[in-house]
Amino acid sequence: MHDEKIDRRALLKRSINTGLALGAVASLPRWAMPALAQNEVLVPFSDMPEDFQRGPAIPGGTHFLDTRQISSFYTDNADFYVVQHYGQPEVDVDNYRLKVTGLVENEREYTLSDLQAKSQFQQDAGFECGGNSSRLYHGLIGNARWGGVSLRQILLECGIKPEGKEVVFFGADEGTELIRDTDVDQNFARSLPQEDAMREENMLALQMNGEALPQFHGRPLRLLIPGFYGVANVKWLTQIHVQDRRFMSRFMGRDYVTLKKEIIGDRERWVENSVTRIQLKSAISRVTRTGNTHKISGFVLTDGTPVRSVEIKIDNGPWRQAELDPAATKYSWKLFQYQWSNASAGEHTMVSRVTDTNGNVQFTEAQMPEKISRWENHEQFLRTIVISG
Ligand SMILES: Nc1nc2c(c(=O)[nH]1)N[C@H]1C(S)=C(S)[C@@H](COP(=O)(O)O)O[C@H]1N2
Ligand SMILES: [Mo]
């Protein structure tokens, strides 16, 4: 068995290295990108309907950001996107229990105060729904500072066994799935191989941007797997089960499964994979103008691999370096901006691309693998604006 003390020290050391703060919520840094400065105006995209609108979050519904309004590093809790596949369950917080079962030395139950009494850490993480796309101008996205307990610590405390290959996470929300002509009751659930589950950054999150986790986002407890698509972050988490085999469920094996062509050895084959790590992606989301200067801004998401550069191309011009928000951390979204002077009147196209430190460059649409599924849309995203003369 692992020694918990050593593990905690390792966690602390790591937090210092990566700038994660243990303990109190740090004050929220803001990049110099306020809503709109004096004399600054929002420039409409001509690829977007003029009446493009979205409503507030409603229980059981889907809520997305108007990405033109992304103007600060942290997304307000009230605006953070929402995806709820089985409606929004009411969890009785007073009688709440997190159960840990299966291949562990000691099966255990934790009340909310048991969890709150544990050592907590904070970290920034941004993520998007695996189904995010240009249809919603990539609005199924958000970035927040999360606070909570280390998943690894809990699994060590329960004595996770080496033969426990897979760790399954169940939410409180239930639905009925028609499987082979049979109505089957299911809870929302996802799983991770033990190796992935034991990553130090994985969190049982109790807080979001310094507040108790809102109902929309999994009150009182959700899983946070930084660097993974949103579907990994099981909300209203009530049970962790360790088992000796792969877990199959709608959200692991049928839905959130990408079908694409890949070269396997020397053959091209259709491959199905469960949506897991975030693909390298950037998108332009906002253009503002102050006098003769346009400011083009947007965001980058990665699986935690550091970013080497973000570049912008206007019309058929060269790729030019954009500036990255210094507030960005390993798993946060990374905001960027580019100042464009003396733009000529008329219609212009603009696109961004991100390159990571391994030299991977965000794909163009043409470079994307042949893909028959609406998941993992990470191709370069062309925008257009019209500048009046
Ligand atoms: N219990 C539960 N957890 C869930 C879901 C859900 O429907 N039920 N949706 C998942 C999906 S598909 C996404 S994209 C994220 C969305 O998290 P958010 O609503 O906090 O943005 O939660 C994930 N966790
Ligand atoms: Mo999602």
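Within region 76-95, the set of residues being in contact (Cβ under 8 Å) with a residue 24 or more places away in the chain and either more than 29 Å from F64 (Cβ to Cβ) or not in a loop (DSSP other than H, G, I, E, B) (or both) comprises V82, H85, G87.
Pairs are defined by a Cβ separation below 7 Å, a sequence spacing of at least 6 or placement on different chains, a first member in region 225-240 that is at pLDDT 95 or above, and a second member that is near ligand 1 (Cβ under 6 Å from one of its atoms) and not in a loop (DSSP other than H, G, I, E, B); the pairs so defined are V234/G171; V234/F188; K235/G171; K235/H217; W236/G171; W236/D173; L237/G171; T238/G171. Among the residues of region 333-350, those that are assigned to a loop (DSSP other than H, G, I, E, B) and open to solvent by 20 Å² or more (accessible area, probe 1.4 Å) comprise N342, A343, S344, A345. Which residues, taken from region 30-84, are open to solvent by less than 20 Å² (accessible area, probe 1.4 Å), of a type in the set (F, W, Y) and more than 14 Å from Y137 (Cα to Cα)? The answer is F73, Y74, F80. Search region 192-206 for residues being more than 13 Å from ligand 1 (Cβ to nearest atom) and assigned to a strand (DSSP E or B), and hand back the single one that is farthest from A328 (Cα to Cα). For region 192-206, the residue satisfying everything is P193. Being touching a Ser or Thr at 6+ places or on another chain (Cβ under 7 Å), more than 23 Å from D114 (Cβ to Cβ) and either without any contact (Cβ under 8 Å) to a residue 60 or more places away in the chain or of a type outside the set (A, V, I, L, M) (or both) is a property that does not hold for F216. Restricting region 115-145 to residues that are of a type in the set (D, E, K, R) and within 15 Å of ligand 2 (Cβ to nearest atom) leaves a set whose member that is farthest from L65 (Cα to Cα) is R135. For region 57-71, give me each residue that is in contact (Cβ under 8 Å) with a residue 24 or more places away in the chain, of a type in the set (G, A, S) and closer than 20 Å to P214 by Cα. Residues satisfying the conditions are A57, G60. Can you confirm whether K330 is within 17 Å of the chain's Cα centre (by Cα), touching a residue at least 60 places away in the same chain (Cβ under 8 Å), open to solvent by 70 Å² or more (accessible area, probe 1.4 Å) and on the phi < 0 side of the Ramachandran plot? Yes, satisfied. Considering only residues that are open to solvent by 60 Å² or more (accessible area, probe 1.4 Å) and assigned to a strand (DSSP E or B), look in region 174-186 and name the one that is farthest from ligand 2 (Cβ to nearest atom). Step by step, filter region 174-186, then rank; the result is T182. Of the residues making up region 132-139, none is over 30 Å from D47 (Cα atoms), modelled with pLDDT of 95 or more and outside any helix (DSSP H, G or I). Filter region 232-255 for residues that are open to solvent by less than 10 Å² (accessible area, probe 1.4 Å) and within 11 Å of ligand 1 (Cβ to nearest atom) and give the result. Passing the criteria: A232, N233, V234, W236, L237, F251. Test R190 against the criterion of being among the charged types (D, E, K, R), more than 17 Å from Q122 (Cα to Cα) and open to solvent by less than 10 Å² (accessible area, probe 1.4 Å), and give yes or no. Spelling it out, R190 is indeed among the charged types (D, E, K, R), more than 17 Å from Q122 (Cα to Cα) and open to solvent by less than 10 Å² (accessible area, probe 1.4 Å). Scanning region 96-110 for residues that are open to solvent by less than 40 Å² (accessible area, probe 1.4 Å) and either farther than 25 Å from M252 by Cα or part of a loop (DSSP other than H, G, I, E, B) (or both) yields Y96, Y110.
Here F299 clears all of (1) part of a strand (DSSP E or B); (2) under 25 Å from the mean Cα position of the chain (by Cα); (3) surrounded by fewer than 18 Cβ atoms within 10 Å (Cβ to Cβ) except the condition numbered (3). Looking across region 58-75, the residues that are touching a Ser or Thr at 6+ places or on another chain (Cβ under 7 Å) and not in a loop (DSSP other than H, G, I, E, B) come down to T67, R68. Looking only at residues in region 114-150 that are more than 15 Å from ligand 1 (Cβ to nearest atom) and of a type in the set (A, V, I, L, M), which one is farthest from the chain's Cα centre (by Cα)? Going through the qualifying residues, I end up with A117.
The values are calculated or read from the model by the stated rules, or taken from the named source; none is laboratory data. Bear in mind the structure is a predicted one, so any value in this text is a computation, not a measurement. So basically every Cβ, Gly included, is an ideal-geometry build from the backbone, and we count neighbours across all protein chains shown. Note: areas computed on protein heavy atoms with side chains; ligands, DNA, RNA excluded. Shrake-Rupley method; radii C 1.70, N 1.55, O 1.52, S 1.80 Å.
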